[in-house]
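Contents: one structure, followed by commentary.
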Amino acid sequence: MSKRDYYEVLGVQKGAGKDEIKKAYRKLAMKYHPDRNDGEDAKAKFQEISEAAEVLLDDGKKQRYDQFGHAGVDGQAGGFGGGGFSGDFGDLGDIFGDIFGDMMGGGRGRRRQRSRGRPGNDLQMAINVTFEEAAFGAEKTIKINKLAKCGTCDGSGGKDGAKPVSCDMCHGAGEVRRQQGFFTVASTCPKCNGSGQTISDPCGTCHGEGRARKESELSVKIPAGIDEGQRLKLSGEGDAGAQGGPDGDLYVVIQIEEHEIFERDGFDVHCTVPVSFSQAALGAEIEVPTLDGKVLVNIPTGTQSGRKMRLKGKGIQRLGGYGGNGDCILHIHVETPTKLSSEQKELFQKLAEIEHENCNPMSRGFFDKVKDLFQ
């Protein structure tokens, strides 16, 4: 059964920051913790959200997960069981302290922090690579059209160096409050979009946004062993943030072109090799292609069509170089000649006259079964 996406498990958007991930995990952990819930369903849910949080709160694991999905972190998340963790708790330790404190009626006070800037959008684009580039790695240049910091106002949004002023609607708070019965409801200020500031004299290029659309050229390193559909994350290469907010990220989706000879299955490479009747019957030494170049292979006497031969380590390098290479698997195809010379016809006719059952064990077995079936 395939795992759910970790961001989906925690109910946050891809690229969410640590504070948002911690908040989402804390809420779900309070809800599904085994000390509050009986039954296997709650325990399984708690293990799932804890595994997701452990990966996404670890910078190294999160980077590998964003690039390669579950394949990049399989076997690296701490073990879960009985409501606890194995390994280094990291950020989860602080969250657990809060959870257990709240369960006991305590809990530590938190100071809410709000960023005035708006983060830039994450972007995604596809890139075509050849079979060999995916196998051995490469460096590609791509062009991306995105929102970048305005060159006219240097991102300030103001004309001729004009500075932002405090928003007169929210008075710099970035949010407006209204009374509803006994409750006060806060919402993002519609005038300044939560920044707390407005531009009285906006830049003529970006119209006060601080960002303008621009085509950028980037260099992308394709790691050896990457597969179809996997993504590479280029941090900070998405749309620029507004009002000092962080830049978004760019996700590059890999599309691999088909190869004339090879087919890929994970890190193994498959290749169909044609051999003649005489080579299959008598055995032969033939030259076959691999990703590393041509190699000599011995075809055993009496080789049947469809036989597979495995060349160890002649496949694709595993991501990161750990675990070595996959294998090259040869599929032997015994060719039937379609155009015969008179000499060949004579030889085949002579062969047909002297053929007997011992030469063709598969035929002998097949026809024995046919006889038994119709007796």
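Some notes on this structure:
- Within region 138-160, if we keep just the residues that are touching a Cys at 6+ places or on another chain (Cβ under 8 Å) and not in a strand (DSSP E or B), the residue that is modelled with the lowest pLDDT turns out to be 156.
- Within region 138-174, considering residues that are touching a residue at least 24 places away in the same chain (Cβ under 8 Å) and among the acidic types (Asp, Glu), the one nearest to residue 221 (Cα to Cα): 139
Okay, residues lined up against (1) assigned to a loop (DSSP other than H, G, I, E, B); (2) out of contact with any Lys or Arg (no Cβ under 7 Å at 6 or more places or on another chain); (3) open to solvent by less than 30 Å² (accessible area, probe 1.4 Å):
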position	(1), (2), (3)
219	no, yes, no
225	yes, no, yes
228	yes, yes, no
237	yes, yes, no
246	yes, yes, no
251	no, no, yes
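- Of the helices (runs of 4 or more DSSP H) contained entirely in region 51-137, those carrying at least 1 residues that are surrounded by 19 or more Cβ atoms within 10 Å (Cβ to Cβ) and either at pLDDT below 50 or among the aliphatic types (A, V, I, L, M) (or both) fall at 91-103, 131-136.
- Any hit, region 318-329, residues being assigned to a strand (DSSP E or B) and of a type in the set (Val, Ile, Thr): yes
- Screening residue 213 against (1) part of a strand (DSSP E or B); (2) within 12 Å of residue 127 (Cβ to Cβ) leaves a single unmet condition, (2).
- Where a residue in region 32-50 is at pLDDT below 70 and its partner, wherever it lies, is hydrophobic (A, V, I, L, M, F, W, C) and surrounded by fewer than 18 Cβ atoms within 10 Å (Cβ to Cβ), with Cβ under 9 Å and at least six apart: 34/42; 35/100; 35/103; 36/30; 36/42; 36/103
- Evaluation of residue 297 against (1) open to solvent by less than 90 Å² (accessible area, probe 1.4 Å); (2) at pLDDT below 95 (one fails), failing number: (2)
- Filter result for the condition that a residue is at pLDDT 85 or above, open to solvent by less than 40 Å² (accessible area, probe 1.4 Å) and in a loop (DSSP other than H, G, I, E, B), over 206, 192: 206
- Within region 253-289, the set of residues being within 19 Å of residue 138 (Cβ to Cβ) and either assigned to a strand (DSSP E or B) or open to solvent by less than 20 Å² (accessible area, probe 1.4 Å) (or both) comprises 253, 254, 255, 256, 262, 264, 269.
- Scanning region 313-351 for residues that are open to solvent by 60 Å² or more (accessible area, probe 1.4 Å), within 30 Å of residue 68 (Cα to Cα) and touching a helix residue (DSSP H, G or I) at 6+ places or on another chain (Cβ under 8 Å) yields a total of 1.
- Sole residue being of a type in the set (Gly, Ala, Ser) and touching a helix residue (DSSP H, G or I) at 6+ places or on another chain (Cβ under 7 Å), chosen from 194, 236, 225: 225
The values are calculated or read from the model by the stated rules, or taken from the named source; none is laboratory data. Model, not experiment: these values are computed from the prediction. Virtual Cβ from ideal backbone geometry, glycine too; neighbours counted across all protein chains shown. Surface areas here come from the heavy atoms of the whole protein model, side chains and all, with no ligands, DNA or RNA. Shrake-Rupley method; radii C 1.70, N 1.55, O 1.52, S 1.80 Å.
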